[in-house]
Amino acid sequence: MGRLIGISYSPWTARARWVLGLKEEFYSWEPYRPLLDEPQLRLSLRRPVGHVSVPVYIDDTGNYDDSRLIAEHINSFGLEWDLFPKEEFEALNRWIQRAEDFAFAGRALVVRK
C-alpha cells in the first residue's frame, strides 16, 4: 500500500488519483498544506534542499513526485489497457503537453486572484 500526498484541488493530483483508481490501488491519502507540510515532505523524500512539489506517491519501491511518473509506475504493474502504448507515444505526449499547458495557465489565473 502506498501513500499519495497532494492538494485536493490540483489537476496534477487529480490525474494521480485517477490512475491509482484504475489499478484499484489501495493507498492512503494525505492532504498537503504547502507551508505547514513542506518539512515533512522533504523528510519523506529525503530532499533537504531544492524543489519539492506534489503530488507524490510513496510505496515500497520508491518515491514518485510527478503525476506522469506516478502513472508510469502504476502502469508498470499491468492494467486492463496500457496507458502508454508505443504506437501512440507521440500523440500521447502532445496531449500531455496540452494538459500541462492548461493546468499551468489555470494555476496562474488562480494565483493572480
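The values are calculated or read from the model by the stated rules, or taken from the named source; none is laboratory data. Model, not experiment: these values are computed from the prediction. Note that we place each Cβ from the backbone using ideal geometry, even for glycine, and neighbour counts take in every protein chain shown. Note: areas computed on protein heavy atoms with side chains; ligands, DNA, RNA excluded. Shrake-Rupley method; radii C 1.70, N 1.55, O 1.52, S 1.80 Å.
Which numbered condition trips up LEU35, out of (1) more than 26 Å from PHE104 (Cα to Cα); (2) of a type in the set (A, V, I, L, M); (3) open to solvent by 80 Å² or more (accessible area, probe 1.4 Å)?
(1)
Could you list, in sequence order, the residues of the stretch 65-98 that are in a loop (DSSP other than H, G, I, E, B) and open to solvent by less than 100 Å² (accessible area, probe 1.4 Å)?
To start, the set of residues in the stretch 65-98 that are in a loop (DSSP other than H, G, I, E, B) comprises 65-66, 76-85.
ASP65, ASP66, SER76, GLY78, LEU79, ASP82, LEU83, PHE84, PRO85 - these are the residues of the stretch 65-98 that are in a loop (DSSP other than H, G, I, E, B) and open to solvent by less than 100 Å² (accessible area, probe 1.4 Å).
Take the residues in the stretch 21-64 that are part of a loop (DSSP other than H, G, I, E, B) and closer than 23 Å to ALA103 by Cα, then tell me which one is farthest from the chain's Cα centre (by Cα). First the steps, then the outcome.
The initial filter retains those residues of the stretch 21-64 that are part of a loop (DSSP other than H, G, I, E, B), namely 23-26, 32-33, 46-55, 60-61.
Then keep just the ones that are closer than 23 Å to ALA103 by Cα; that gives 32-33, 50-55.
On the way: TYR32: 13, ARG33: 16, GLY50: 18, HIS51: 15, VAL52: 12, SER53: 9, VAL54: 7, PRO55: 4 Å.
For the stretch 21-64, the residue satisfying everything is GLY50.
Could we say that GLU80 is in contact with a Phe, Trp or Tyr (Cβ under 9 Å, 6 or more places away or on another chain) and at pLDDT below 90 here? Full working, then the answer.
Details: in contact with a Phe, Trp or Tyr (Cβ under 9 Å, 6 or more places away or on another chain): no; at pLDDT below 90: yes.
Here the answer is no, as GLU80 does not meet what is asked.
Is it the case, given these coordinates, that VAL54 is of a type in the set (A, V, I, L, M, F, W, C) and modelled with pLDDT of 90 or more?
Numbers: of a type in the set (A, V, I, L, M, F, W, C): yes; modelled with pLDDT of 90 or more: yes.
Considered against the rule, which asks whether it is of a type in the set (A, V, I, L, M, F, W, C) and modelled with pLDDT of 90 or more, VAL54 comes out as yes.
Can you tell me which residues in the stretch 15-28 are out of contact with any helix residue (DSSP H, G or I) (no Cβ under 8 Å at 6 or more places or on another chain) and surrounded by fewer than 16 Cβ atoms within 10 Å (Cβ to Cβ)? Break it down stepwise before answering.
We begin by selecting, within the stretch 15-28, every residue out of contact with any helix residue (DSSP H, G or I) (no Cβ under 8 Å at 6 or more places or on another chain); these are 17-18, 21, 24, 26, 28.
TRP18, GLY21, GLU24, PHE26, SER28 - these are the residues of the stretch 15-28 that are out of contact with any helix residue (DSSP H, G or I) (no Cβ under 8 Å at 6 or more places or on another chain) and surrounded by fewer than 16 Cβ atoms within 10 Å (Cβ to Cβ).
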